[in-house]
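Every number here is computed from the coordinates shown, using simple stated rules; none is lab data. Keep in mind that this is a model prediction, so the values were computed, not measured. So basically every Cβ, Gly included, is an ideal-geometry build from the backbone, and we count neighbours across all protein chains shown.
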Amino acid sequence: MNIGVYPGTFDPITNGHTDIITRSLRVFDKVIVAVAPNPGKRPLFDLAERVEMARLVTKELADVEVESFDGLLVQYVRERGARAVIRGLRAISDFEYEFQMALVNRKLDSKIETVFFMPSEEYSYLTSSIIKEVAGLGGALHDFVHPHVAERLRQRLRRQIP
Ligand SMILES: Nc1ncnc2c1ncn2[C@@H]1O[C@H](COP(=O)(O)OP(=O)(O)OP(=O)(O)O)[C@@H](O)[C@H]1O
Ligand SMILES: [Mg+2]
């Protein structure tokens, strides 16, 4: 079976992420969405919440699994019997970091390939960070995230505002 691992912070999962998952299912038999703790990014949602939201948003998609992972990505990819890492490229600005990561991962395990997918243009400006910013300012979220995620963002950010 041709398995791809899609790693990220998913804080929270956006329609851009879902677009990449849907596209990658055209190429892979199974896609594992691998949610990384990434404490350095100081996530708004804890790991369990991010996993739960990603599961809910992808529950209609057959052949998608959501898990958390810790440690070295290539190690996790091997353990799951996958051969490829899936990443999304929005703009030229993503390229440099993604290129570096892909080459480091190749150095760590030359058998694992990184595969890039381009999102639909309507999602090409979407990042989790920008959505948290919009949510914090009380902007409409329905074009950016699943309704459940929008609700969670509203709850969380309302609680944080004194
Ligand atoms: N709208 C999008 N279109 C295409 N790829 C995307 C999109 N959003 C995220 N990705 C890709 O998904 C992967 C995981 O991204 P990540 O979880 O860091 O989300 P992010 O939106 O970049 O969040 P942050 O704002 O915290 O950096 C990365 O390869 C990233 O480039
Ligand atoms: Mg990012």
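Give me the percent relative contact order of the range 11-63, please, defined on Cα pairs under 8 angstrom at least 6 residues apart.
Answer for the range 11-63 is 54 percent.
Just to be sure I follow: if Rg is taken over the C-alpha atoms of the range 3-124 and Rh is the Kirkwood radius over the same atoms, what is Rg/Rh? List each step's numbers first, then the result.
On the way: Rg = 13.5 Å, Rh = 14.6 Å.
Here the Rg-to-Rh quotient is 0.93.
With springs connecting C-alpha atoms under 10 Å apart, model the chain as a Gaussian network and identify which of Glu151, Glu121, Glu113 has the largest mean-square fluctuation.
Looking only at Glu151, Glu121, Glu113, the largest GNM fluctuation is found for Glu121.
Can you find, among Ile20, Val31, Leu153, the residue farthest towards the positive end of the dipole of the chain? Put +1 on the C-beta of Lys and Arg, -1 on that of Asp and Glu.
Result: Leu153.
Determine ³J(HN,Hα), in whole Hz, for all residues of the range 36-52 in sequence, where each value follows from phi through the Karplus function 6.51 cos²θ - 1.76 cosθ + 1.60 and θ = phi - 60°; x replaces Gly and Pro.
Each residue's phi maps through the Karplus curve to give 8, x, 6, x, x, 7, 6, x, 6, 9, 6, 4, 4, 5, 5, 5, 4 Hz.
Compute the helix-to-body angle for 92-108: its Cα long axis versus the longest principal axis of the chain, expressed 0 to 90° and rounded to tens.
Helix 92-108 sits at roughly 40 degrees to that axis.
Pick from Ile21, Ile131, Ile13 the residue whose mean-square fluctuation is largest in a GNM of the chain, springs joining Cα atoms under 10 Å.
Maximum among the listed residues: Ile131.
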